[in-house]
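Below you'll find the structure, written out as structure tokens, and then a few comments.
Please treat every number below as a calculation from the coordinates, not as lab data. These figures come from a predicted structure and were not determined experimentally. Cβ: placed from backbone, ideal geometry, glycine included. Neighbour counts: every protein chain shown.
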């Protein structure tokens, strides 16, 4: 991560803050303001996001943080250019093409072609994590003297960690509103099995006590339930920093049997080095900045939250498993990575957009009708999906909606709008124009009940409620009562070409 920070610094994309700042609210407020400023890279916005592609400000390095000797890095991934740099690509389409080749490889048909495939297979094997004996993440080891409050753990929003918020002054300095916000959480099923990395928030309560917030559907929660069924405590590790691909891989909605570590190796083109943890039976990324080790109690819970979330609202307090820390290890001179989430655009928006582009080939494999899709910024990832299809038969849009609601974490999509292939799903106004023009509210709407995002405060029940699908495509026979459908207004190509050719002649620049 420090190499990544140095690269950002050399490019002029990093701002160093040399004055002392407070990890309670101040660092996050600075990052929130930066995230709304023009991106430091000055590059043109991507075609898929011409509106918000210029946002992101600078990555930030706070060199003097009150109460800790460790600097804080935040907003590292908070622009398209910084996100592409972290993933080692020039465009997200390049990443999607690599994924497309991985999931739909061309089968060799001759002996020569099979021989040519051998290097590719060897390269694929090279993506797997590799065990090493030593790692820079353990240059300094604290066990009995481990203290979470020695780390510059930040508080993002005024009422974070304050049950009954609004009833008393908010800016408490007792540490209960401080959260790990960019930690890759390492867990494993009982008796071994695939290692899982998940990006879960962790609230700090005391020097060796914290609470891990994971949703019911997350793999970390599934591993914990397996331990709890056996009434055994679960080993856990919070990984801060490491290879720049790790935070992204930890946030990706991969199937349960796909390793985030293998996926991270695929993203960077080489396996992640792993070293045995000091006090728990897990391996952790050797190049991490800081690792917090501990055990999750099968019975004890803590009242975690509320927390200012990516939805733009506080998620409410609830009981989550207690984590007891047994060790904190770190580099000799570590940097503490953090993020703040809230109403977009913020840093997680760019992580989400990279996920959107990367998973297009996978969605297309599951749903061949799908040409492209977009998770618009106002939807905060789960509230809205724009979907583009090439319409070929009646009620095809409804079939696509149901397929999306059956595709992994896309099941949480609160609203799906399906449009024709000539509509630009990355242009909100184009989608909304066709939605307003093409939809009859009785004929073209489908409302279903099912699982919803845990953070959706509008659902009548916790984690379940209604979702809506809107067919904004042109209507054809077989889709209910359909009158003659009018043709859209279009200027002919020959006249458009003539106007282009004579534009300066008309006196226009």
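Enter the Cα centre distance for the pair region 444-459 and region 195-249, rounded to the nearest angstrom.
About 26 Å separates the Cα centre of region 444-459 from the one of region 195-249.
Taking the simple approach of a point 7 Å from Cα along Cα-to-Cβ for both residue 93 and residue 47, what is their distance in nm?
Between residue 93 and residue 47, the simple spin-label model gives 0.4 nm.
Residue separation times 0.36 nm, minus the C-alpha to C-alpha distance between residue 390 and residue 319: what's the value?
Gain on stretching residue 390 to residue 319: 20.9 nm.
Given Cα pairs under 8 Å that are at least 6 residues apart, what percent is the relative contact order of the chain?
Normalised by residue count, the contact order of the chain is 14 percent.
Beyond 31 Å, what percent of the Cα pairs of the chain remain?
49
When the helix-only estimate is applied to the chain (DSSP H runs of n ≥ 4, each -39,500 (n - 2.57), divided by the residue count), what is the mean residue ellipticity at 222 nm, nearest 500 deg cm²/dmol?
Mean residue ellipticity at 222 nm (helix-derived): -7500 deg cm²/dmol.
Rounded to whole Å, give me the distance from the Cα center of region 390-420 to that of region 470-500.
21
Report for the chain the percent antiparallel among DSSP-assigned beta bridges with both residues inside it, nearest 5.
Around 75 percent of the beta bridges assigned by DSSP in the chain are antiparallel ones.
List the relative contact order of region 367-471 as a percent without decimals, with contacts defined as Cα pairs under 8 Å and 6+ residues apart.
Once divided by the residue count of region 367-471, the mean separation gives 26 percent.
Describe numerically, in nm with one decimal, the distance between label points set 7 Å from Cα along Cα→Cβ at residue 448 and at residue 147.
Between residue 448 and residue 147, the simple spin-label model gives 5.4 nm.
With everything on Cα atoms, drop me the angle between helix 493-502 and the longest principal axis of the chain, reported from 0 to 90° to the nearest 10.
80
Can you put 319, 215, 330 in order of Cβ neighbours within 10 angstrom, beginning with the fewest?
Going from least to most buried by this count: 319, 215, 330.
Take each of the peptides 320-327, 462-469, average the number of other beta-carbon atoms within 10 Å over its residues, and list them starting from the highest. Can you show the working numbers first?
Details: 320-327: 22.1, 462-469: 16.4.
So the order, starting with the most tightly packed, is 320-327, 462-469.
What ranking of 492, 403 emerges when the number of other C-beta atoms within 10 Å of each C-beta is taken as an exposure proxy, fewest first?
Going from sparsest to densest Cβ surroundings: 492, 403.
Report the dimensions of region 367-471 along its three principal axes from the alpha-carbon atoms, largest first, rounded to Å.
Ordered largest first, region 367-471 gives principal extents of 38, 27, 26 Å.
Quick check on packing: order 154-162, 295-303, 83-91 by the mean number of other C-beta atoms within 10 Å, highest mean leading.
Packing order, densest peptide first, comes out as 154-162, 83-91, 295-303.
Using only Cα atoms, find the angle between the long axis of helix 219-229 and the longest principal axis of the chain, and express it within 0 to 90 degrees, rounded to the nearest 10.
50
Which translational diffusion coefficient, to the nearest whole µm²/s, is obtained for region 170-324 from the Stokes-Einstein equation, given a Kirkwood hydrodynamic radius over C-alpha pairs, 37 °C and 0.692 mPa s?
D = 206 µm²/s.
Would you mind getting the Kirkwood hydrodynamic radius of region 265-304 from its Cα pairs, rounded to one decimal in Å?
Working: mean 1/r = 0.0790 Å⁻¹.
It is 12.7 Å.
Round to the nearest 0.05 the FRET efficiency obtained for residue 483 and residue 428 when R0 = 45 Å and r is the Cβ-Cβ distance.
Details: r = 28 Å, r/R0 = 0.62.
E between residue 483 and residue 428, to the nearest 0.05, is 0.95.
Please give the helix 347-358 orientation as an angle from the longest Cα principal axis of the chain, in degrees from 0 to 90, rounded to the nearest 10.
Between helix and principal axis, roughly 50 degrees.
Using the per-residue mean of other Cβ atoms lying within 10 Å as a proxy for protection, in what order, highest first, do the peptides 14-21, 281-288 fall? Intermediate values should be presented prior to the final figure.
Numbers: 14-21: 14.8, 281-288: 21.6.
In descending order of packing, they fall as 281-288, 14-21.
What spacing in nm lies between the two simple spin-label points modelled at residue 37 and residue 7, each 7 Å away from Cα in the Cβ direction?
Result for the modelled spin labels: 2.3 nm.
Could you work out the Rg to Rh ratio of region 325-406, with Rh taken as the Kirkwood radius (inverse of the mean 1/r over all Cα pairs)?
1.20
Taking Cα centroids, how far is region 283-332 from region 1-53 in Å?
First find each Cα centre; the distance between them is then 25 Å.
If neighbour count is taken as other Cβ atoms inside 10 Å, put 328, 454 in order from fewest to most.
454, 328
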